[in-house]
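Right, one structure below, let's go through it.
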Amino acid sequence: MKPKNQRLVLVSAALVAVLVAALLGMWGLRNQASFFYTPADIAAGKASEGQAARLGGMVEKGSIRHEPDGVTIRFVVTDGKAATPVVFRGIVPDLFREGSGAVAEGRLERGTFVADTILAKHDERYMPPELGNLAAEHKAGKTLER
Amino acid sequence: MIAEAGLAALWLAAGLAAFQFVLMILALRSNLEVARAMRGVAVAQGALTLLAFAMLLIAFARSDMSVALVFENSHSAKPFIYKVAGAWGNHEGSMLMWVTILAVAGAFVAMLAHRTGERTLIAGLGSQAVLALGFYAFLLIASNPFARLFPAPPDGRGLNPLLQDPGLAFHPPTLYLGYVGLSVAFSLAVGALLTGEVDSRLAGAMRPWVLGAWILLTLGITAGSYWAYYELGWGGYWFWDPVENASLMPWLAATALLHSINVLAARGALKAWTMMLAVIAFSMSMVGTFLVRSGILTSVHAFAIDPERGTFLLALLAIYVGAAFILFAIRGATLKEGAPFELVSRESGLVINNLLLSVILGIVFLGTLYPLFVEAVSGEKLSVGAPYFNAVAGPLALVLALLVGIGPLLSWRRERRPVFGPLKIPALLGISALAATVILWPGMHILPRLGLTVAAFLAAASILPLVARNPLRTPLATWGMVVAHFGIAVALAGMAANAAFTGERLAIAKAGETLSVGPWLVQLQDVTPAAGKNWTAIEAQLLASRGQGGVTLKPQTRYFTDPPTETNEAAIDTFWNGQLYTVIGKADPSGGWQLRLWWKPFVTLIWAGGALIALGGAVALFGRLWRLRRRRSSSAEWRRERYA
């Protein structure tokens, strides 16, 4: 190959690589990105069933119930406007409490949010970023303040 | 006094960096005499920054609560090692460490690099000074680590208990050395673009730095992965957390650079390409630093939200990356492309390696930044996690791992021999592995199945470059390559085995009850309180057995007081064929305890593979430096003889 052609081939290969990365990325993001919803969003029908999603809000007082197997819990997440039931099988984080903020990762199945992971404020300084905004928006964040 | 001395040293170092930049301009405008002063200035700047960092370490070691940073991040009751490590377990301190490494690296370049042209070295040192200057400004204006408190509070607020772990104390320094080691490649590339001296000598000067940085990044990522695995208690080794991606992106770019630099060194080809990668690699380091340090993401690793600092860092990032890209756009096209090569050749193989790594880098970059971009534009919140990265980058990584087995067998310029002859045995192994998984585990997912296949192929194929060679006369660089490539096979096997064969059990157990997980029977014997220097805990005694005999595991939930936090301390027992991983959860109202148990066959191969990859790098680096030294001393002898 002549040096000039070689450079042409290399430059086009690089461009193709960039293009492929962008296309693959876009395709993946469209299918796999999980959106963040509040109970109000879910009540408004914004979340589609079965699609990976995150749900954030306050754990409603008196709503936590333990299933007989001891490792499955059900509770209700609210944002003051609407409420969504959540089911979770696993060990909840340390600062997961009624009346406190939490973010659930999972998907909506027949009106119930099935969570794979629960995130809560887990030390003095950290809280899931979505909750910070939520607290500001709904002025319900007293328990989130330090 | 200590804090003031540190601050003064920092100001002086910033002044010297500015002076160094001025000297570069003077030197490049024909007066090469001033270049001698430049080396001295670079060394002095490095020494002053090191002094400033030492002052911060002393303040932390002494628990000097009159320094605001110590008050915020330390506590007198902490074990000594975490007092010292607290110096970089926070925003200001870690940025100071960052710039310290940057300046010290610049000093070493000034002292050591003799291989590039003098003008390129001068321009490179100037570039390094400009980089340092920006970060000095950041520290002095937006993020002073030496600010005082008056009156001094009686005691500090403590360090996040998650960070009180010996592994984590040394994790950031390792990663930072890797990040910032890439700055030398960046500066030398910028210097060479300015002077037009892009040649194999430049590649030779850059290579040890890239290799060293890459080894440390590999080690840092591997150690960080293991830390997340045992400390977070979630049983996972990689979460595709943006902070993890922040370290993966420079690694991907450095891996590509490491390979293309060999083409430049050996054949003088891929000039513009290699310069581009050198710019991208350190840009990714800066992107990573921006992501972690600006507070734009809030995750386990990010500590503070402070938009002012974020904007400052973003501006620095934009200026440096933008300037380097503009320089590349102007000068890159004027570089003559070096020696030509055929379509089937070692060079082509390395180009394909680079393309695949770049595509993976692009995918990780997109997935990491897309949520930030969407939120900034539309206010909509979304997250991109493992499903995206695994589905999009996973298959490409497998293709890359497959090609890793083939590329090293090709010869430079043009391949004349039939390549696929020696690959028969590895191919056979791969196909047998595939057949075995289909027969034994028909329900296995596609990615782990292919992962095991490619791992079997690569484990055999990676050794081929050594076959039919005298092992003692094989260059150390070749040995290093073989070890690193074999390490990829090992890590891949571990990931695939973990994905395919992990057994998990989550249940409630009362004292005396037994649960089964994988081949294990685990009995909860008792739950008792325990205490450490700055924590109390509840501890479960578990007796695990398979067949006869048994081992005791003691997972804990720890309660720290300064600051008040709970953490899960998983108890892990390692066997030759896997790890038993146990976590104790909450008490159940019925009197039982939540237990989470995993049996993870061959999971340790993941980190063993990572360590092998780094070891391969170290062998190659040692080989290169040793050869360099020998060559240098023999040429000195030759000179002495000649002038005797």
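Any read-out appearing in this document is the output of simple, stated calculations on the displayed coordinates, not a laboratory observation. Because the structure is a prediction, the values reported are computed rather than measured. Cβ coordinates were reconstructed from backbone atoms using ideal geometry, including for glycine residues, and neighbour counts include every protein chain displayed.
A few points about this structure:
- When both the stretch B:308-387 and the stretch A:3-46 are represented by their alpha-carbon centers, they are found 13 Å apart.
- Dipole in debye (nearest 20) - the stretch B:459-572, about Cα centre, beta carbon charges: Lys, Arg +1; Asp, Glu -1: 540 debye
- B:Glu539 long-range amide H proximity, modeled H, under 5 Å: B:Thr528, B:Ala530
- Fewest-first ordering of A:His66, B:His445, B:His259 by other beta carbons within 10 Å of each residue's beta carbon gives B:His445, A:His66, B:His259.
- Between A:Ala82 and B:Asn577, the distance separating the two model label sites (each 7 Å from Cα on the Cα→Cβ line) works out to 5.2 nm.
- Sequence of B:Trp412, B:Trp593 once ranked by neighbouring C-beta atoms within 10 Å, starting from the fewest: B:Trp412, B:Trp593
- Simple spin-label estimate for B:Val344 and A:Lys46 in nanometres, 7 Å along Cα-Cβ: 5.7 nm
- The length gained on full extension between B:Thr334 and B:Leu440, counted as 0.36 nm times the residue separation minus their Cα-Cα distance, comes to 32.4 nm.
- Over the stretch B:104-218, the ratio between the Cα radius of gyration and 2.2 N^0.38 Å evaluates to 1.39.
- One quarter of the convex hull surface built on the alpha carbon atoms of the stretch B:422-508 amounts to 7.5 nm², the projected area averaged over directions.
- Spread of Cα-to-Cα distances over 10 Å intervals beginning at zero, given as percent, for the stretch B:503-601: 16, 49, 27, 7, 0
- Whether the stretch B:1-164 is rounded, prolate or oblate, judged on the alpha carbon gyration tensor where a/c under 1.5 counts as rounded: prolate
- Mean residue ellipticity (222 nm) of chain B, computed from DSSP H runs ≥ 4 via -39,500 (n - 2.57), nearest 500: -21500 deg cm²/dmol
- Computed label-point distance, nm, for sites B:Leu466 and B:Thr514 using a 7 Å Cα→Cβ extension: 4.5 nm
- Inter-part distance, the stretch B:80-134 to the stretch B:547-593, computed on C-alpha centroids, equals 41 Å.
- Burial ordering of B:Met495, B:Met444, fewest other beta-carbon atoms within 10 Å first: B:Met444, B:Met495
- Dipole magnitude of the protein assembly as shown, debye to nearest 20 (Cβ charges: Lys/Arg +1, Asp/Glu -1, about Cα centre): 3260 debye
- As a calculated quantity, the FRET efficiency between A:Val9 and B:Ile431 at R0 = 35 Å, using C-beta atoms, amounts to about 0.60.
- Projecting the alpha carbon convex hull of the protein assembly as shown along each direction and taking the average yields 37.6 nm².
- Legend: P(r) of the stretch B:75-115 from all alpha carbon pair distances, 5 Å bins from 0, whole percents, reading 6, 20, 16, 15, 14, 11, 8, 5, 2, 1, 0.
- Sites B:Ala531 and A:Thr112 - FRET efficiency at Förster radius 45 Å, r taken between beta-carbons, to 0.05: 0.65
- Chain B - Rg and Dmax from Cα coordinates, angstrom: 26.5, 92
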